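One structure is given here, and the rest of the page talks about it.
The values are calculated or read from the model by the stated rules, or taken from the named source; none is laboratory data. Just so we're clear, the structure is a prediction, and the values are computed from it rather than from any experiment. Methodologically, a virtual Cβ is constructed for each residue, glycine included, from the backbone with ideal geometry; neighbour enumeration extends over all protein chains shown. All accessible areas refer to the heavy atoms of the entire protein, side chains included, with ligands and DNA or RNA removed. Shrake-Rupley method; radii C 1.70, N 1.55, O 1.52, S 1.80 Å.
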Amino acid sequence: MTEQHIYIQGMILNEETRCSLADLCSLCGVNTAIIHEMIDEGLITPEGIAVQEWRFTSVAIKRVQTAMRLQRDLRVNLPGCALVLDLLDELEELRRLSPHR
């Protein structure tokens, strides 16, 4: 019997984490066209003016990854992803503010 090893690679993200467009594409397994569509749809907002200067926060990374899962697993289109992500953000904020936790 042979022994199988599973290796998991990850990146620790914090509020100070910033990544370039290329890094975001690599981390999320998408191409730049998809990121541009997500920006146009309002799912994420880059910091910086020119594309070469764009930086994305850890929140943007999480939103892109979640949107990709919604599209892949539930076949939700980008406008639907934007709505779902906004509702999830609102739910998280309400839970954070709730004294009954």
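The figures follow:
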{"quantity": "Which numbered condition Phe56 misses (of (1) part of a helix (DSSP H, G or I); (2) modelled with pLDDT of 95 or more)", "calculated": "(1)"}
{"quantity": "Ser58 at negative phi and surrounded by 12 or more Cβ atoms within 10 Å (Cβ to Cβ)", "calculated": "yes"}
{"quantity": "Candidate set from region 61-80 (those that are farther than 26 Å from Glu16 by Cβ and part of a helix (DSSP H, G or I)); member that is most open to solvent (accessible area, probe 1.4 Å)", "calculated": "Arg72"}
{"quantity": "Contacts under 9 angstrom Cβ, first residue in region 23-44 being within 13 Å of Pro79 (Cα to Cα), partner of a type in the set (Lys, Arg) and open to solvent by less than 50 Å² (accessible area, probe 1.4 Å), 6 or more apart", "calculated": "Met38/Arg63; Leu43/Arg63; Ile44/Arg63"}
{"quantity": "Matching residues, region 1-46, being within 17 Å of Val59 (Cβ to Cβ), polar (S, T, N, Q) and at pLDDT 95 or above", "calculated": "Ser20, Thr45"}
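Here's the yes/no breakdown for (1) open to solvent by less than 40 Å² (accessible area, probe 1.4 Å); (2) of a type outside the set (Val, Ile, Thr):
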{"position": "Thr17", "(1), (2)": "yes, no"}
{"position": "Leu21", "(1), (2)": "yes, yes"}
{"position": "His36", "(1), (2)": "no, yes"}
{"position": "Asp40", "(1), (2)": "no, yes"}
{"position": "Glu53", "(1), (2)": "no, yes"}
